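Have a look at the structure below, then the notes.
The values are calculated or read from the model by the stated rules, or taken from the named source; none is laboratory data. Nothing here was measured: the structure is a model prediction, and the numbers come from that model. Positions of Cβ are generated from backbone atoms using ideal geometry, with glycine treated the same way; all protein chains shown enter the neighbour counts.
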Amino acid sequence: MPRFQLAPLFTDHAVLCRGKEIRVFGTGEEGLRLTACLLNEGGKTLCQDTVQVQNGRFCFRFPPQEAQTGCVLTVNDGVQSLVHCGIAIGDVYLASGQSNMELELQNADEGKELYPVHRNDLVRYFNVPKYARQSPEADQAYANARWLSIAPGTAKDMSAVAYFFAMKLQPHLQAPIGIIDCYWGGTSVTCWMDEEALNATAEGQRYMREYEKLCEGKTMEAYIAEEKAFFDGQNAWNEKAAVLRAETPGISNQEIAQKIGPCPPWNPPIGAGSPFRPHGLFHTMLERVVPFTLTGVLYYQGEEDTFRTQRYDILLSSYILRLRELFEDGELPFLNVQLPMWMDAAAVEDSKLWPRLRLAQQKVYRNTRNTGLAVLLDQGEYDNIHPTNKRVVGERLYEAALDAVYHEPARLSPFACGKYQQEGKLHVCLSASVQEREEGEYLLEIAGEDGVFLPAQVSLKEKELVLSHPDISRPVMARYAWTDYAIVRLFGENGLPLAPFWIQ
């Protein structure tokens, strides 16, 4: 057994964060005194620190460094020494969320053409292994995890969103970019929050109470049996569907369902070992990354919470604040992806749940400092909750980063920023002028004091929308894109869609 070891995040080819205190951590025998040195490509010592192992853990703290490559990290206790080479210093982003962040490059548009030939040694990624329960297997998988550079054959399993973000950002900055992938499909934001963050709000406490009540009295063995039966059914259907898609490219989900029956409903079992339980993946995945120094966070999540809460903004705000505490950075930028358009073909009616969550995401963006929002109102697919065009998502996150992280000019969606009533019409003030396209719907509605919304007659006037309806003499409220799915027609002059709004 080694006397001490670094977390796998600090092995060969790691990317450390520039311009901030660098934290390097690991585990060791109690009381060991350790010294770490970071050397540049020429062998000159950039910085060093000496610490003592306490409660089985240690954490070195180095002063901020400039972007560079070819660094060497050494750690020794006078008896044992570790040397890790090829270390880069640049910008590091945590990519987290659920399935649309999880969608791998090999399954995205362009992915199969890119990964056999692409190369960029200055873009590197680290996948946190996906384990829902603490186990020796989970610990071993994490111990074996390593940083990889973008090279032919690698990055098939990298988040496609994070890939396109990093490959756009790196040439612009001319600095190394590191991506730490940490996500799981189908998860609520509460899965990534620890107990302290959940207990900080009544909404977080409600999630925990409901889950605990649902799994009360169920043994781990019973849960594991239910989990196996559920995923066996899901996998069997997916295998049959994959055969049909290979035989008939472009076949719709409805046609697949007609041939092999509908996809089993997504209702994974409840239990103490579930990856979908509150605070579960925080402890099995995210906590392994804490307190790595980050440039920012990329986040694409919300689908799972559309039908679970009316106060997603409270949960997301609590999550952001807790991340900033855990990663010891009160200004840590948080770049979020707003949900695109989507509706299940089996839906009887528009649920109006997705627009509500989009506005909750937008509320957090407007009210929380150092945040960005990638607006996707023109994206998404009918009856496909996992659209594969991830370049658009990654590159809109890049624009959000230019604005929120680097304070550079960026292409951002126009937002509603105020209103006034004049001569029976409601004028909605915008952050930038908008234009209309021939296709799509206006999706603009207004209401009077009674709160009853009706479709608005629309005219565009510089940075304003002028809205009216013959049956509303004094409009006081307006909303835009209050729907799960539609094709929009209002875009900024920069080509990005007008952000949804509800203004009153």
> So which strands (runs of 3 or more DSSP E) are wholly in segment 407-504 and hold at least 1 residues that are under 31 Å from the mean Cα position of the chain (by Cα)?
Replying inline: 416-422, 425-430, 434-436, 444-447, 477-480, 490-492, 501-503
>> Looking at PHE4, PHE62, PHE58 in this structure, which one is aromatic (Phe, Trp, Tyr), within 25 Å of SER149 (Cβ to Cβ) and outside the structural domain of ALA143 (by TED's automatic domain parsing)?
In response: PHE62
>> Checking the structure you have, find out if any residue of segment 490-504 is without any contact (Cβ under 8 Å) to a residue 60 or more places away in the chain and out of contact with any Lys or Arg (no Cβ under 9 Å at 6 or more places or on another chain).
In response: no
> Which residues, counting only those in segment 8-39, are under 29 Å from the mean Cα position of the chain (by Cα) and farther than 19 Å from GLN65 by Cβ?
Replying inline: PRO8, GLY26, THR27
>> Between ASP121, ASP157, which is closer than 20 Å to TYR398 by Cβ, surrounded by fewer than 16 Cβ atoms within 10 Å (Cβ to Cβ) and out of contact with any Cys (no Cβ under 8 Å at 6 or more places or on another chain)?
In response: ASP121
> Quick one: ILE150 ticks every box in (1) over 30 Å from THR306 (Cβ atoms); (2) touching a Gly at 6+ places or on another chain (Cβ under 9 Å); (3) of a type outside the set (S, T, N, Q) bar one, so which box is it?
Replying inline: (2)
> Can you name every residue in segment 367-382 that is under 17 Å from GLY302 (Cα atoms) and not hydrophobic (A, V, I, L, M, F, W, C)?
Replying inline: THR371, GLY372, GLN379, GLY380, GLU381
> (1) touching a helix residue (DSSP H, G or I) at 6+ places or on another chain (Cβ under 8 Å); (2) crowded, with 18+ Cβ neighbours inside 10 Å: which one isn't true of GLU102, the others all being true?
Replying inline: (1)
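Looking at segment 365-395 only, could you name the residues that are outside any loop (DSSP other than H, G, I, E, B), modelled with pLDDT of 95 or more and surrounded by fewer than 19 Cβ atoms within 10 Å (Cβ to Cβ)? Steps first, please.
Residues of segment 365-395 outside any loop (DSSP other than H, G, I, E, B): 365-367, 371-374, 381-382, 384, 390-395.
Still in the running and modelled with pLDDT of 95 or more: 365-367, 371-374, 390-395.
Residues satisfying the conditions are ARG366, ASN367, VAL392, GLU395.
This table checks each residue for (1) under 22 Å from ASN100 (Cα atoms); (2) acidic (Asp, Glu); (3) in contact with a strand residue (DSSP E or B) (Cβ under 9 Å, 6 or more places away or on another chain); (4) surrounded by fewer than 14 Cβ atoms within 10 Å (Cβ to Cβ).
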| residue | (1), (2), (3), (4) |
| --- | --- |
| LYS168 | yes, no, no, no |
| CYS182 | yes, no, yes, no |
| ASP194 | no, yes, no, no |
| ALA202 | no, no, no, yes |
| CYS215 | no, no, no, no |
| TYR223 | no, no, no, no |
> Hey, does segment 102-121 have a residue that's touching a residue at least 12 places away in the same chain (Cβ under 8 Å), charged (D, E, K, R) and on the phi > 0 side of the Ramachandran plot?
Replying inline: yes
